[in-house]
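Structure first, then comments.
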Amino acid sequence: MEERETTIKIPEHFRLLYTAEDISKRVEEMAGEISQDYEGKTVHLVGVLKGAAVFLSDLLRTLTVPATYDFLSVASYGDSTESTGVVRLIKDLDDPVESRDIIIVEDIIDTGLTLKYIEELMRNRKVSSLSKCTFLDRPDRRKVHVEMDYVGFTIPDCYVVGYGLDFEQKWRQLPGIYAINQPTSKE
Ligand code: IMP
């Protein structure tokens, strides 16, 4: 019988930063920390599409406190690697968040503009509590100050793909996280 590829072919210029094992270990640690902080409560995870979907689903299944989740979608990047600096809501949450314990779940914090926008949106909806969680943090190009409660890994200034993160909508399916030879900024 003909042998089939079991994984997607990864271009040679992609540099592996975190393996699937590194990721699941870190997600487990983060879920442990969150579960401890929210003991006795039900957390409502607010994921930012599309990038955070993969991380959120792993985190959700590792939490030991009751959890619900919802997604919203904002636009800030288009199909380029450079932020336009403008964030707008494309898809709102399905359910109300008033009086709930919310955790915003992001894939990566870059300029901070997306998170700032979502944080303000949530605070205006009179949530009971709000914390912010991201799998990756890249502080080098920050435009606005954001305080994070939970961070998976802090990375240097390189564009990354995999584990939900894309370049022009591709590579989200990679189980590891890779740096690609793509400048994060044209400046
Ligand atoms: P920010 O508003 O500049 O913080 O951008 C946040 C969003 O930009 C993230 O949620 C990602 O969807 C996207 N983004 C930023 N950097 C990268 C990257 O290196 N790879 C893939 N997506 C990225």
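The values are calculated or read from the model by the stated rules, or taken from the named source; none is laboratory data. Everything numeric here is computed off the predicted structure, so don't read it as measured data. All Cβ positions, glycine included, derive from the backbone under ideal geometry; neighbour counts span all protein chains shown.
Inside segment 106-131, residues that are more than 10 Å from the ligand (Cβ to nearest atom) and either part of a strand (DSSP E or B) or touching a Gly at 6+ places or on another chain (Cβ under 9 Å) (or both) make up a count of 3. Only a single item in (1) part of a strand (DSSP E or B); (2) away from the ligand (no atom under 12 Å from the Cβ) is not met by Gly40, and it is number (1). If you check Arg100, Arg123, Arg138 for being of a type in the set (Lys, Arg) and under 22 Å from Tyr178 (Cα atoms), only one passes: Arg138. Quick check on my filter: what residues within segment 132-162 are near the ligand (Cβ under 10 Å from one of its atoms), farther than 18 Å from Leu113 by Cβ and surrounded by fewer than 17 Cβ atoms within 10 Å (Cβ to Cβ)? The answer is Cys158, and nothing else. Scanning segment 27-79 for residues that are polar (S, T, N, Q) and without any contact (Cβ under 8 Å) to a residue 24 or more places away in the chain, we see that the one that is nearest to Asp149 (Cα to Cα) is Gln36. Could you list, in sequence order, the residues of segment 1-37 that are closer than 14 Å to Phe153 by Cβ and part of a loop (DSSP other than H, G, I, E, B)? Matches in segment 1-37: Thr19 only.
Only residues that are of a type outside the set (Asp, Glu) and touching a helix residue (DSSP H, G or I) at 6+ places or on another chain (Cβ under 7 Å) were counted across segment 56-70, and they come to 7. Looking only at segment 84-104, decide whether some residue is buried (at least 18 other Cβ atoms within 10 Å of the Cβ) and within 22 Å of Tyr18 (Cβ to Cβ). Yes, that holds for at least one residue. Taken residue by residue, segment 60-77 has no member that is hydrophobic (A, V, I, L, M, F, W, C), at pLDDT 95 or above, farther than 30 Å from Ala20 by Cβ and assigned to a loop (DSSP other than H, G, I, E, B). Within segment 52-70, the residues that satisfy the criterion of being closer than 19 Å to Asp166 by Cα and surrounded by fewer than 22 Cβ atoms within 10 Å (Cβ to Cβ) are Ala53, Val54, Ser57, Asp58.
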